[in-house]
Amino acid sequence: MKTYVAKIADIQRKWYVVDVEGLVLGRAASEVAKVLRGKTKPDFTPFVDTGDYVIVVNADKVVLTGRKLDQKMYRYHTGYAGGLKEIQYSQMMRTKPEKVFELAVKGMLPKNALGRAIYKKLKVYAGPDHEQQAQKPEVLKILV
């Protein structure tokens, strides 16, 4: 038997729009990451970007379970000595709700050049409107 390897020229990419209103953050992000990576396609190849484009709307209406709204912290380092910064999840949702979903999906992608290429196909919007109407995206229903 021969193993099929997807070629970049043969990949057919689609555009999907996902409404995450009322969905749990991690569960929705994992489903979006699967579509971005191409794991839902029969021609999936681990070392080739075979995934589709995903537009996420209503990212400001995503929910967390338990007491994570008060306890979850986002940490990053500025690069300077003593430059560790912490932002609470509730504050991040008020200021940059798109960033919360982007960080959740980014953590589920490969940590290499392939993961960075896959991440560029994710478009996240806080409200119900998006700028990719010309691509005629199909609605992707997430059952979580």
Handout entry: Structure-based [θ]222 nm, the chain - -39500 (n - 2.57) summed over DSSP H runs of at least 4, per residue, nearest 500
Key = -7500 deg cm²/dmol
Completion exercise
With a Förster distance of 41 angstrom and the Cβ-Cβ distance between Tyr74 and Asp10, calculated FRET efficiency to the nearest 0.05 equals 0.55
Problem - Full-stretch length increase - Ile87, Phe47 - with 0.36 nm per residue and alpha-carbon distance subtracted - result: 10.9 nm
Handout entry: Added length on full extension, which subtracts the Cα-Cα distance from 0.36 nm per residue, Tyr119 to Leu103
Key = 4.7 nm
Practice task
Treating the angle as unsigned and between 0 and 90°, give the value, to the nearest 10°, between the Cα long axis of helix 25-37 and the longest Cα principal axis of the chain.
Solution key: 30
Fill in the blank from the handout: If each part is reduced to its alpha-carbon centroid, segment 1-26 and segment 72-144 end up apart, in Å, by 17
Handout entry: Nitroxide proxy distance, nm - points 7 Å out along Cα→Cβ at Thr40 and Lys111
Key = 2.7
Practice task
Determine, for Leu143, Leu64, Leu69, the number of other Cβ atoms within 10 Å of each Cβ, and report the residues in order from fewest to most.
Solution key: Leu143, Leu69, Leu64
Problem - Residues whose placed amide H lies under 5 Å from that of Val17, excluding near-sequence neighbours - result: Ile55, Glu138, Val139, Leu140
Handout entry: Cα gyration tensor shape of segment 15-139, rounded if a/c is under 1.5, else prolate or oblate by comparing a/b with b/c
Key = oblate
Handout entry: Reach of Lys120 by Cα under 18 Å, taken over aspartates and glutamates that are not fewer than 8 positions away in the same chain
Key = Glu31, Asp49, Asp52, Glu98, Glu102, Glu131
Exercise for the section: Might you report the magnitude of the Cβ-based charge dipole of segment 63-142 about its Cα centre, with Lys and Arg at +1 and Asp and Glu at -1, to the nearest 20 debye? Expected result: 240
Problem - Nearest-ten-degree value, helix 97-106 long axis tilted from longest Cα axis of the chain - result: 50
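Only the coordinates and a few stated rules stand behind these numbers; no lab work does. Being a predicted model, the structure only gives us computed values, none of them experimental. Virtual Cβ from ideal backbone geometry, glycine too; neighbours counted across all protein chains shown.
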